[in-house]
Amino acid sequence: MRYSEMFLPTTREIPSDAETVSHQLMLRAGMIRKLTSGIYSYLPLGYRVIKKVERIVREEMNRAGAEEVFLPAVQPSELWKESGRWDFYGKELLRLKDRHNREYCFGPTHEEVMTDLVRNEIQTYRQLPKNLYQIQTKFRDEIRPRFGIMRCREFGMKDAYSYDVDEESAIVSYQKMFEAYKRIFSRCGLRFRPVEADSGNIGGSYSHEFMVYADSGEDAMMFCTSCDYAANLEKAEISEPEKAPVDESVFLPLEEVHTPDVRTIEEVSGFLGVTPQCIVKTLIFTADERPVAVLIRGDEEINEAKLRNFLGCDNLELAMDDIIKEVTDSPRGFAGPIGIKCEIIADYSLINMNNFVIGANKEDHHIINCNIGRDFSVANFSDLRMITEKDRCPRCGSPISFARGIEVGHVFKLGTKYSKAMNATYLDRDGKDKLMVMGCYGIGIGRTSAACIEQNNDKDGIVWPMPIAPFHVIITPVNVKDEDILKTSDEIYRSLEAEGIEVVLDDRDERAGVKFIDADLIGIPLRITVGKKNLVDGNVEVRFRRSGEVEIVPVEEVRDYVVAKVREGLGETD
RNA sequence: CGGGGCGUAGCGCAGCCUGGUAGCGCGCAUGCUUUGGGAGCAUGAUGUCGCAGGUUCAAAUCCUGCCGCCCCGACCA
């Protein structure tokens, strides 16, 4: 393409409301523009990148045996009521009404529609397994969209759904997707890692998130420094500590202490002169309307995902003051396990604690020298807290470390949740109806592009990996008013296009500096500079965006040289 | 939804406190010069000051309501 004819509005100034590097650069490089909160237009340069990511996704999905379909974005409420998600999905679901006042939603995901399609068309085990995918625009009415297209409301997503005859076969489908995802993100030039993830409300089954390393990432993950265990922080397991024999002789007598207006762990710790490790926090949660007291050591944090899974509830929130009053007979800040009027569960961190401090269930009072067994009993112990640097790998016991990342893909074993709710069955060999076993697999297309920029940029702009770069090469004639320069540039341009190279000819009547800066900003991997300096000797300059290295190449050889470099960058080394 | 901030030219902002001709930088247009890392000079165009009310002789400025956007928090297959 000729730059002068392209719609490519680059900007010098950094938009004030763009926080992350990728958001700033996508705006400055003329890739995207915001229409309204969380909703973006893709300009030609941005859309070229999107299409390249999509293409890689298609190639790898097809290679893994999946078939592409295209489903409706607007979906009838009936289907969602059938699966139970019309009520459950909440405000993120954008609901619409048509002229007849019938209810619809704009699809945030397509389990219902796909499963409806499959249940109507598939009758027998002979037609299974099936893996169907689509790439299309979805809408989730996010509470707070941010970071440009990283977390937006309207976004492009690849979603695949697998249908299998049984668990065993479903695992094969899952693994195929897992492998396909590794190939996809590798081809996109990303540094990433699959991590075990919380399976959320679906429960029982398992899932992996594909996380792209980025300090600006919204998700935290931990990984073992020696084995290959890696997990989302919500999921990261903590082993049950070994229980030391109980020696009741060390138990000190219970004592109630007056602690006026002392509520938080810090306040209690300061007031009583004990470390937070000697205090037990009692948190009252409401789990699907039912109050539950959760005990945890003072210096640890509750992991609500673990708690939710343990309790098997849909809704979990810290209890309101009136509930606290009801179960503890005291205001917030003085809850304790002794005499509390609800079920008590405890984190493993309590297992070997003796003579600890608790709330007294009485305003302005705490109790010291409390001991489990003697003073109260616990219904269940479980792993309910957030993992920390002090913890060890739950698999091998080695030290662990932490990183932040961007979730670009998620593979999920669904089991029969949707097939059951929607009666998606097939006839097995014995002529019996059986539920299909499902999996679902998502990739955020725009987010993948943005994550790529987070990882590939420098002070001058984006540094695209060749496979998803909007163009492979940009030719920069230093002065378009110079006949020789322009003619040579044009010849190189045509020769590269003839080779199938995606090339921009920057034929604008701009100063060289302007063109260099724009070329760097939009991040084209190779730049061919045509200027008097080298042309008098019959040479042009080839510059590599990533390294900044420069090669002087004779005009007659530049085509072959650049073609080889582009193919190398695309991974087509032959 | 709670807390905070912002809305003035295409973009970034000043002006508002203390009411009286709407400004600056970048960008844009034209011309001359310049031409290997965001050129110089000259000339020029561009505003319902987010919207609606109110106060006032007079409102970008003060008051009220609404809308939009951003940030923090809560929330999130």
Residue under question is A:GLY439, and the condition is that it be touching a helix residue (DSSP H, G or I) at 6+ places or on another chain (Cβ under 9 Å), closer than 20 Å to A:GLY298 by Cβ and touching a residue at least 60 places away in the same chain (Cβ under 8 Å); does it hold? no
Give the residues of the range A:417-439 that are surrounded by fewer than 23 Cβ atoms within 10 Å (Cβ to Cβ) and within 24 Å of the chain's Cα centre (by Cα), sorted by residue number. A:LYS417
Scan the range A:3-22 and report the pairs whose first residue is within 20 Å of A:CYS452 (Cα to Cα) and whose second residue is within 6 Å of RNA strand B (Cβ to nearest atom), with Cβ atoms within less than 7 Å and a gap of 6+ or a chain change. A:THR10/A:ASP518; A:THR10/A:LEU521
If I filter the range A:314-345 down to residues being touching a Ser or Thr at 6+ places or on another chain (Cβ under 8 Å) and among the small types (Gly, Ala, Ser), which single residue comes out as nearest to A:ARG85 (Cα to Cα)? A:ALA319
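What residue, of A:LYS532, A:LYS515, is within 16 Å of RNA strand B (Cβ to nearest atom) and more than 29 Å from A:LEU25 (Cβ to Cβ)?
Values: A:LYS515 fails: more than 29 Å from A:LEU25 (Cβ to Cβ).
Exactly one residue qualifies, and that residue is A:LYS532.
Return the residues of the range A:11-59 that are of a type in the set (Val, Ile, Thr) and under 25 Å from A:ARG494 (Cα atoms); say none if nothing qualifies. I'd like the intermediate steps shown before the answer.
Just the residues of the range A:11-59 that are of a type in the set (Val, Ile, Thr), to begin with: A:11, A:14, A:20-21, A:32, A:36, A:39, A:49-50, A:53, A:56-57.
Matches in the range A:11-59: A:VAL49 only.
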Considering only the range A:486-512, state which residues are surrounded by fewer than 20 Cβ atoms within 10 Å (Cβ to Cβ), farther than 21 Å from A:GLU13 by Cβ and either among the basic types (Lys, Arg) or within 11 Å of RNA strand B (Cβ to nearest atom) (or both). A:LYS487, A:ARG494, A:ASP509, A:ALA512
Would you confirm, using the coordinates I've provided, whether A:ILE351 is assigned by TED's automatic domain parsing to the domain that holds A:CYS278, under 39 Å from the mean Cα position of the chain (by Cα) and under 22 Å from A:HIS258 (Cα atoms)? no
The correct count of residues that are part of a loop (DSSP other than H, G, I, E, B) and within 9 Å of RNA strand B (Cβ to nearest atom) in the range A:1-51 is 14
Test set (1) more than 14 Å from RNA strand B (Cβ to nearest atom); (2) at pLDDT below 95 - A:ASP198 fails condition number: (1)
A:ARG297 vs (1) surrounded by fewer than 17 Cβ atoms within 10 Å (Cβ to Cβ); (2) closer than 24 Å to A:ALA244 by Cβ: all pass except (1)
Using beta carbons and a limit of 7 Å, which pairs, at least six apart or on different chains, have the first residue in the range A:133-145 and in the same structural domain as A:LYS176 (by TED's automatic domain parsing) and within 12 Å of RNA strand B (Cβ to nearest atom) and the second one part of a loop (DSSP other than H, G, I, E, B) and hydroxyl-bearing (Ser, Thr, Tyr)? A:LYS138/A:THR109; A:PRO145/A:SER37
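Would you check which residues across the range A:523-538 are on the phi < 0 side of the Ramachandran plot and either among the hydrophobic types (A, V, I, L, M, F, W, C) or buried (at least 19 other Cβ atoms within 10 Å of the Cβ) (or both) and list them? Steps first, answer last, please.
Kept after step one, since they are on the phi < 0 side of the Ramachandran plot, are these residues of the range A:523-538: A:524-537.
Passing the criteria: A:ILE524, A:PRO525, A:LEU526, A:ARG527, A:ILE528, A:THR529, A:VAL530, A:GLY531, A:LEU535, A:VAL536.
To keep it simple, each residue is scored yes or no on (1) part of a strand (DSSP E or B); (2) not assigned by TED's automatic domain parsing to the domain that holds A:PHE185.
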position: A:ARG395; (1), (2): no, yes
position: A:ILE400; (1), (2): yes, yes
position: A:GLY405; (1), (2): yes, yes
position: A:GLY409; (1), (2): yes, yes
position: A:ASP430; (1), (2): no, no
position: A:GLY439; (1), (2): yes, no
position: A:ILE443; (1), (2): yes, no
position: A:GLY446; (1), (2): no, no
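Quick check on my filter: what residues within the range A:172-195 are β-branched (Val, Ile, Thr) and either at pLDDT 95 or above or touching a helix residue (DSSP H, G or I) at 6+ places or on another chain (Cβ under 6 Å) (or both)?
If we filter the range A:172-195 for residues that are β-branched (Val, Ile, Thr), which is where we start, we get A:172, A:184, A:195.
Passing the criteria: A:VAL172, A:ILE184.
From the list A:ILE358, A:ILE387, which one is modelled with pLDDT of 90 or more, surrounded by 19 or more Cβ atoms within 10 Å (Cβ to Cβ) and either more than 42 Å from the chain's Cα centre (by Cα) or within 20 Å of A:TYR229 (Cα to Cα) (or both)? Before you say what the answer is, go through the steps one by one.
Working: A:ILE358 fails: either more than 42 Å from the chain's Cα centre (by Cα) or within 20 Å of A:TYR229 (Cα to Cα) (or both).
Going through A:ILE358, A:ILE387 in turn, just one is modelled with pLDDT of 90 or more, surrounded by 19 or more Cβ atoms within 10 Å (Cβ to Cβ) and either more than 42 Å from the chain's Cα centre (by Cα) or within 20 Å of A:TYR229 (Cα to Cα) (or both): A:ILE387.
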Evaluate the following for A:ALA73: is it within 16 Å of RNA strand B (Cβ to nearest atom) and either in contact (Cβ under 8 Å) with a residue 60 or more places away in the chain or not polar (S, T, N, Q) (or both)? yes
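Evaluate the following for A:ALA305: is it at pLDDT 90 or above, among the small types (Gly, Ala, Ser) and buried (at least 19 other Cβ atoms within 10 Å of the Cβ)?
no
Please work out which residue is nearest to the chain's Cα centre (by Cα), limiting yourself to the range A:99-115 and to residues that are charged (D, E, K, R) and within 16 Å of RNA strand B (Cβ to nearest atom). Can you show your working first?
So the first thing to find is which residues in the range A:99-115 are charged (D, E, K, R), and the list is A:99, A:102-103, A:111-112.
After this cut, where a residue has to be within 16 Å of RNA strand B (Cβ to nearest atom) as well, the list is A:111-112.
Working: A:GLU111: 19, A:GLU112: 22 Å.
Once the filter is applied, the top-ranked residue is A:GLU111.
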Going by what's in this entry, would A:PHE88 be described as more than 12 Å from RNA strand B (Cβ to nearest atom) and modelled with pLDDT under 95? no
Picked from the range A:544-567 (must be crowded, with 17+ Cβ neighbours inside 10 Å and in contact with a Phe, Trp or Tyr (Cβ under 9 Å, 6 or more places away or on another chain)), the residue nearest to A:ASP490 (Cα to Cα) is A:VAL553
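Among A:GLU54, A:GLU60, which is more than 30 Å from A:ASP518 (Cβ to Cβ), assigned to a helix (DSSP H, G or I) and under 23 Å from the mean Cα position of the chain (by Cα)?
Selected residue: A:GLU60, the only one of A:GLU54, A:GLU60 that is more than 30 Å from A:ASP518 (Cβ to Cβ), assigned to a helix (DSSP H, G or I) and under 23 Å from the mean Cα position of the chain (by Cα).
With over 29 Å from A:VAL53 (Cα atoms), touching a residue at least 24 places away in the same chain (Cβ under 8 Å) and touching a Gly at 6+ places or on another chain (Cβ under 9 Å) as the only criterion, which of A:ILE387, A:ILE367, A:ILE445 stands out?
On the way: A:ILE387 fails: touching a Gly at 6+ places or on another chain (Cβ under 9 Å); A:ILE445 fails: over 29 Å from A:VAL53 (Cα atoms).
Going through A:ILE387, A:ILE367, A:ILE445 in turn, the sole match is A:ILE367.
The values are calculated or read from the model by the stated rules, or taken from the named source; none is laboratory data. Source: prediction; values computed, not measured. Because the Cβ atoms are built from the backbone with ideal geometry, glycine has one as well, and the counts that use them run over all protein chains shown.
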